[in-house]
1. Hey, which aspartates and glutamates would be in cross-link range of Lys21, C-alpha to C-alpha under 15 Å, not counting anything within fewer than 8 residues on its own chain?
2. Can you tell which of Ala52, Ala31, Ala23 shows the greatest fluctuation in a Gaussian network model of the chain with Cα springs below 10 Å?
3. Report, in cubic angstrom per residue, the convex hull volume of the C-alpha atoms of the chain.
4. Pairing the Cα long axis of helix 11-27 with the longest principal axis of the chain, what angle in degrees results, from 0 to 90 and rounded to the nearest 10?
5. Would you mind working out the accessible area per residue for the chain, using a 1.4 Å probe, and quoting it in Å²?
6. Probe radius 1.4 Å, ligands and nucleic acids ignored: give me the carbon and sulfur share of the accessible area of the chain as a rounded percent.
Amino acid sequence: MKIKVLGSGCKNCQNLEKNVKEALKESGKEAEVEKVTDMKEILKFGVMKTPALVIDEKVVVSGRVATIKELKEII
């Protein structure tokens with residue numbers, strides 16, 4: 001599984017990345033987590049609001065910080 005956290009590096013982006021890592025840890029799953037800050041790359045996913053979360057090249061969350069519980073269900 002490949003997970004990308006899309007965003008400029010703002011506080012919400014950092015919180016989403018932290019929640020993703022915690023959700024992976026709690027669920028016992030492993031994934032490659034990548035931080036994407038390049039706007040051209042972010043726009044390729046059609047994301048207009050960050051932070052956003054992409055799992056295996058599919059946008060699953062956009063414009064908000066998903067909770068750890070929510071992320072565990074998605075992952």
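1. Glu30, Glu32, Glu34, Glu70, Glu73
2. Answer for the Gaussian network model of the chain: Ala31.
3. 68
4. It works out to around 30 degrees.
5. 60
6. 47
The values are calculated or read from the model by the stated rules, or taken from the named source; none is laboratory data. Just so it is clear, the model here is predicted, and its values are computed rather than measured. Keep in mind that these areas ignore ligands, DNA and RNA; they rest on the heavy atoms of the full protein, side chains included. Shrake-Rupley method; radii C 1.70, N 1.55, O 1.52, S 1.80 Å.
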